[in-house]
Amino acid sequence: MSYPIQKSDDEWRAVLNKEQFRILREKGTEAPFTGEYDRHHPSTGIYTCAACDAPLYRANHKFKSGCGWPAFFDAVPGAVTRHTDTSFGMSRTEIVCSNCGGHLGHVFKGEGYNTSTDERHCVNSISLKFAKGEGVEGGESGESDTKA
């Protein structure tokens, strides 16, 4: 799939640290309960892609899941793209930044969390940056991502 921001691995290595590159570009995962945004719960603000600064999640979409990674029930409309991930002998739904293709994590449905979408976007903290304030304009719910 093609994304608006295209860079070679060398170009990404020039702007990302080693761990960011491993997770965002090589689809790695940070250890649970270690990321800076796991226990971060502001009431306003926006989480952006650590690679390209594209707005991904609003602070009010974040919830406490106890899973060890930041959890969101919805994304900024069009901000994330879903792919089927069949690694590790199972089928999961990978989520990537729609702007640069950076790996964010996975989305899980039907786990019974008391959210409007019954989804948990399980995102690596290292894939995110946080900015205070309102961030982006747009709706609060609905079909929020692109399926590819």
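Bear in mind that the values in this text are calculations on the coordinates, not laboratory data. Bear in mind the structure is a predicted one, so any value in this text is a computation, not a measurement. Quick reminder, even Gly has a Cβ in these numbers, built from the backbone with ideal geometry, and neighbours come from all protein chains shown.
Results, tabulated for the structure shown:
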quantity	calculated
Share of pairwise Cα separations in the stretch 9-134, more than 22 Å, in percent	29 percent
9 Å beta-carbon shell around Tyr113, net charge (K/R +1, D/E -1)	-2
Loop chymotrypsin sites (Phe, Trp or Tyr not before Pro), the stretch 1-65, which have at most 12 other Cβ atoms in a 10 Å radius of their Cβ (DSSP)	Phe33
Approximate spin-label separation Glu19-Phe63, in nm, with each point projected 7 Å along Cα-to-Cβ	2.8 nm
Sites Thr29 and Lys132 - FRET efficiency at Förster radius 25 Å, r taken between beta-carbons, to 0.05	0.35
In the stretch 1-95, the GluC sites (Glu not before Pro) that fall in loop regions by DSSP, at most 14 other Cβ within 10 Å	Glu26, Glu36
